[in-house]
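Single-structure report; data block below.
The values are calculated or read from the model by the stated rules, or taken from the named source; none is laboratory data. Just so it is clear, the model here is predicted, and its values are computed rather than measured. Counting neighbours? That spans all protein chains shown, and the Cβs are built from the backbone with ideal geometry, glycine included.
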Amino acid sequence: MKSIVENLSATRVKLAVEVPFDELKDKFDAAYKRIGQQVRVPGFRPGKVPAKILEARVGRGAVLQDVVNEALPEAYAEACQENGLKVIGQPEIEVNDISDTEFKFTAETDIRPEITVPDLASVEATVEDPEVTDEEIDQQISGLRDRFSTLKGVDRAVGDGDFVSLDLRATVDGEEVEGGSASGLSYEVGTGQLVPGIDEQLVGMTADEEKSFTSALVAGEHAGRDAEITVTVKSVKEKELPELDDDFASMASEFDTLDELKADLRERLERAKSFSRIALARDAVMEAIVEKVDFELPEGALKTELEARRHDAVHSFDHDEDQLNAWIESEGKTREEFDKEIEENAAKSLRAQLVLDQIVDDEGIDVDDAEMTQYIIQQAGRYGMAPQQFADEIAKAGQVGALVADVRRNKALDQVLSKATVKDSSGAALDLEAIRAEAIASMGQTMTVGDDAAEAEGEDADATAAEDTAGEDAASTDEARA
């Protein structure tokens, strides 16, 4: 096999590959055998039909297509390896010729740019000291009060935040929508969990009152169509919160006084924020390294990353652009500002990935079966899947290579943290290993440097709520997406 590399840019090449026919003989033999098993020719057993007769039956093109499908991936991979190309993403393939003498094709693909990573020991980053505010404590107390609230029936019109028992019926063109009716449904007004527009209709209604309105259905066979919604309020209840006193503390916790409860909540939040410094250090160190290097991003890889982030954004709203735009507006942004943020985050994430990939090469980092198994178990837990099911889905999607790359990048980031200097707000060096050890001792579970500190709280739901995004892994494409 012969291959020639043409540099199209610093991050893209064109690969011309020629494979002699004698190297394809086994592929042709296998193609004839596969096709022969599927074609029935009188007088011949399946798989025993001569090549010439097969070609007469199915055409030479079908055989050549089968050969190409089998030979091309192997030839492409071999050519990339021979030329030392560190390719990124899927290539653009063009078959130029396939005959009884040779097979020619070209492939345009992105490659990793040349990156010179600075001495990791010279990298410094600062992580702000954890601070718990009174407002955060109040939020935790408010959440506890809500959990121990009771519902009390009221004889008045429905207000926002009330709980109502209602009957619901939806029809399209006079026909009742399947699954669109319910009786005695309990619903909290203002949560937006039922059909669009129902919250506005419920406010001001009273018990036994009926009202009809039109709303677009968001699911089912009639999704997107207008339906007539008839709602009947059966009863109205309001949430009654417990008094904020020592009795409440005794009821909601193991503490006798409210002051003791608040002190415990503050300690939990401080501990969670302290542990979160490991994740913050990862982000800060990577940002410090990326700022020290300058290289061109591969256009194709950047486009793929950007498309994935845009897809993720609208996917969160059932691919409804109007809902996405409404959410963006509720966040006080314009669509243009949101799109610009996505572009900046995509470039930032890709740049971090490429730097980590270079560190993987520089440090000779690899992963073993035990590390892969542990990573699969962790990721499966995050998605609520059994480890084997998660592994099967990854294999089915052809993402095993991407999974291995993620594990390598995480190990590379651990290497970075072990060599870089991370300081607190006062300029004192942080001992991340000591923080990790404290987390292990406190939570009684194994962690690695960079694990989500809040997730390490395990059953500690209150502290987790305060820091549920602390361990975002900037090295991973999926986790770094906006």
Residue under question is VAL290, and the condition is that it be at pLDDT 90 or above, assigned to a helix (DSSP H, G or I), touching a strand residue (DSSP E or B) at 6+ places or on another chain (Cβ under 8 Å) and not hydroxyl-bearing (Ser, Thr, Tyr); does it hold? no
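Out of the residues in the range 169-219 that are of a type in the set (Ser, Thr, Tyr) and in a loop (DSSP other than H, G, I, E, B), state the one that is modelled with the lowest pLDDT.
Of the residues in the range 169-219, the ones of a type in the set (Ser, Thr, Tyr) are 171, 181, 183, 186-187, 191, 206, 212, 214-215.
Then drop every residue that is not in a loop (DSSP other than H, G, I, E, B), which leaves 181, 191, 206.
On the way: SER181: 86, THR191: 90, THR206: 95.
By that ranking, first place goes to SER181.
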By my count, helices (runs of 4 or more DSSP H) wholly in the range 357-449 with at least 3 residues that are within 30 Å of ALA288 (Cβ to Cβ) are 369-382, 400-419, 432-443
(1) in contact with a Leu (Cβ under 6 Å, 6 or more places away or on another chain); (2) free of Cβ contacts under 8 Å to residues at least 12 places away in the same chain all hold for GLU305 apart from (2)
Within the range 207-220, is even one residue without any contact (Cβ under 8 Å) to a residue 24 or more places away in the chain and on the phi > 0 side of the Ramachandran plot? no
Reported set for the range 224-253 where residues are assigned to a helix (DSSP H, G or I) and either among the acidic types (Asp, Glu) or at pLDDT 95 or above (or both) is ASP246, ASP247
Note on GLU299: of the conditions (1) in contact (Cβ under 8 Å) with a residue 40 or more places away in the chain; (2) exposed (fewer than 15 other Cβ atoms within 10 Å of the Cβ); (3) touching a helix residue (DSSP H, G or I) at 6+ places or on another chain (Cβ under 9 Å), unmet is (3)
Can you find a residue in the range 256-278 that is surrounded by 17 or more Cβ atoms within 10 Å (Cβ to Cβ) and in contact with a Lys or Arg (Cβ under 7 Å, 6 or more places away or on another chain)?
yes
In the range 135-156, anything within 18 Å of THR191 (Cβ to Cβ), small (Gly, Ala, Ser) and either in a loop (DSSP other than H, G, I, E, B) or touching a Lys or Arg at 6+ places or on another chain (Cβ under 7 Å) (or both) is listed as SER149
